[in-house]
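Worksheet for the structure shown next.
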Amino acid sequence: MARGARKAGVKRIVAASFTDETSDRLAPEVDDIEWLRAGQLGKLLTYLEKSGTRHAVMAGQIAPKNLFDLRCGHDIAKEVSRLDIGQTVLVKNGTVLAVEGFEGTNECIKRGGALARGDAVMVKVSKPDQDLRFDVPVIGPVTLESCRDAGGIEAGRTITLERDRVAALATQHKLSIFGL
């Protein structure tokens, strides 16, 4: 597609490419390339804006296995929280690596992250019928530090403490945070 666009007279071509999806052979065909993980919509939009992109074309697909951890992890976390076991799970390639128990979120993340060796997804949700007046799921800088070796974060009905610091840590550690 990049070669075809060049032949058609497109002067500047930038590519938002997906790790483990896009071939490295694309890089020499474009003027600029940004590597993302599936689901990093905010990072994608920021890149397109900074690069001055006015028109975009999508080509190819994201393999279902790379989207499966968000579908899969959310359902498992919701079920675990319904059973009042915990509110956090870590998944990788559709496999549950850690479920939060009495040890709490950060220890669950560390345990699952050690097993994952990177690229896991941490999902934290609220319990069904959770009384958010008294017990609110929270993530913050300490959570991000725990996640730096684990992968992305999906948080549903969760308060983010020190949002600017969390955003900076997410950028620094190349973590994605998804809010549902």
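The values are calculated or read from the model by the stated rules, or taken from the named source; none is laboratory data. Here the structure is a predicted model, which means the values were calculated and not measured. We place every Cβ from the backbone using ideal geometry, glycine too, and count neighbours over all the protein chains shown.
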With respect to SER126, is the statement that it is part of a loop (DSSP other than H, G, I, E, B), surrounded by 13 or more Cβ atoms within 10 Å (Cβ to Cβ) and not aliphatic (A, V, I, L, M) true? yes
Out of GLY152, GLY140, sole residue that is within 22 Å of GLY42 (Cα to Cα) and modelled with pLDDT under 80: GLY152
Identify, please: which residue in region 41-56 is surrounded by 14 or more Cβ atoms within 10 Å (Cβ to Cβ) and of a type in the set (A, V, I, L, M) and is, among those, farthest from VAL30 (Cα to Cα)? LEU44
For the condition free of Cβ contacts under 8 Å to residues at least 40 places away in the same chain and either within 16 Å of the chain's Cα centre (by Cα) or within 20 Å of HIS173 (Cβ to Cβ) (or both), what is the one hit in THR19, THR53? THR19
State yes or no: is GLU103 assigned to a helix (DSSP H, G or I), farther than 30 Å from ARG3 by Cβ and not assigned by TED's automatic domain parsing to the domain that holds ASP20? no
